[in-house]
1. If you check B:83, B:125, which single one turns out to be outside any loop (DSSP other than H, G, I, E, B), buried (at least 21 other Cβ atoms within 10 Å of the Cβ) and within 14 Å of chain A (Cβ to nearest Cβ)?
2. Is it the case, given these coordinates, that residue A:105 is surrounded by fewer than 14 Cβ atoms within 10 Å (Cβ to Cβ), in contact (Cβ under 8 Å) with a residue 12 or more places away in the chain and under 21 Å from residue A:31 (Cβ atoms)?
3. Which one of B:71, B:115 is more than 7 Å from chain A (Cβ to nearest Cβ) and over 25 Å from residue B:133 (Cβ atoms)?
4. Could you say which residue among A:207, A:195, A:247 is in contact with a strand residue (DSSP E or B) (Cβ under 7 Å, 6 or more places away or on another chain), within 30 Å of residue A:113 (Cβ to Cβ) and in a helix (DSSP H, G or I)?
5. Could you please let me know if residue A:175 is over 19 Å from residue A:41 (Cβ atoms) and either within 14 Å of chain B (Cβ to nearest Cβ) or crowded, with 19+ Cβ neighbours inside 10 Å (or both)?
6. Determine which member of the set A:192, A:163, A:167, A:228 is crowded, with 24+ Cβ neighbours inside 10 Å and within 14 Å of another protein chain (Cβ to nearest Cβ).
7. What number of residues within segment B:136-167 satisfy the criterion of being away from chain A (no Cβ under 14 Å) and at negative phi?
8. Give the residues of segment B:128-139 that are surrounded by fewer than 23 Cβ atoms within 10 Å (Cβ to Cβ) and either in contact (Cβ under 8 Å) with a residue 60 or more places away in the chain or over 17 Å from the mean Cα position of the chain (by Cα) (or both), sorted by residue number.
């Protein structure tokens, strides 16, 4: 029974990793941009929610709703005025610029909030759980997982059912020809990064309410997000969820064997997938 | 009254090297104009310049008398100038119907061209509308590319190398659509290497060589020797 319990905890943890990864996956899918500051942006959003909660006294969920449009605006400006200038045939400039951005965000947060680790209080929800037969699951992990599924369903609807999604896919295929259709690629990229920052805000809500975070917590989140995307296969959002779940299960199983092995077993699972399925489990070509 | 579109001493670059040296062409309402010339004559660079993929000095290209040479492609297509690019350039992850829809992205333009009227022009596309665009034959893909450009209801349709890589019978089918496109109100510039095809549909012809216009006029005004000379640079008397 404890094995099933471990498995369930792992799957639910996978929901959090999928949330970390979905924005990264969206941005990479549309503009082939690898954003090395993604994890730091999650931490930045967590601090933003924390500030809104502590200054306005709002519930964290309401605070996230307030933070989401601010993060969208940040993502839009960042992409339109900075990252768009780095896009081109050469893949190095976006890597260098987002790496620099990562350092800027970490140090900015360190200046503003010190190195203390923080937590966003979600009140009674934090400890609430529901029991399913002999096993019980925390309400927060369940909400996190449901949010991940909701985000992926919503993104898929957006991408495959709306005019904006059509423009996303066309621009992803061929930027020059998309511009012949009247699509402004720079605006499309800015909107995509803005949307990614909304997902980042959702991820930050659960990061901040479920665990401690500090200004340097970003890069580890980035690695989990990367691993989830790569395990799932580039370009497939459901694959990203599957990748998150595999990573989450590997980590909880590892932790159940020996608490020191949690992170290590996750990385090993990732390396095994790379070894046997270098293109990930659900690459876009198989969609 | 100004021309629908005209270029004035247009110079443009293909990558790092200059492909066009002072080209003047014009297109009037209701006309179909052909631009012919050998590979590397600068025809595609001319089309890409007008469509805004290559931007130039503003006054080098006029649309209804207004300078548009410096506008980027999204603004040019909003003014009613649509390009069918060389090599078709369909969106490979989109279906046939989505490729057509994206041609009218973000705008609702009144005009004769809708999904329905494009399916009437090219009925085969309706049958295949759920297929990925790249699963179609070359001729059908060219129909999608033309339909996609028409979805913006352009006043001016620019067609770059429509017949490249297509079988003669397929080329005939595609050109059969042009009288309908023209009748629906669009003026057309066709870039062609197939001279016979171009002369058949065009009201006027420009022949380009090495980045300059070497011959222009109505097809009836000149004979094969004139075209050969303009096309290859040989003197007409050498061919007589």
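1. One residue alone meets the criteria, B:83.
2. no
3. Testing whether each residue is more than 7 Å from chain A (Cβ to nearest Cβ) and over 25 Å from residue B:133 (Cβ atoms) leaves just B:71.
4. Result of the check over A:207, A:195, A:247: A:207.
5. yes
6. A:167
7. 13
8. B:128, B:129, B:130, B:131, B:132, B:134, B:135, B:136, B:137, B:138
Values quoted throughout were computed directly from the atomic coordinates according to the rules given, and no laboratory measurement underlies them. Quantities reported herein were computed from a predicted structural model and do not represent experimental measurements. Quick reminder, even Gly has a Cβ in these numbers, built from the backbone with ideal geometry, and neighbours come from all protein chains shown.
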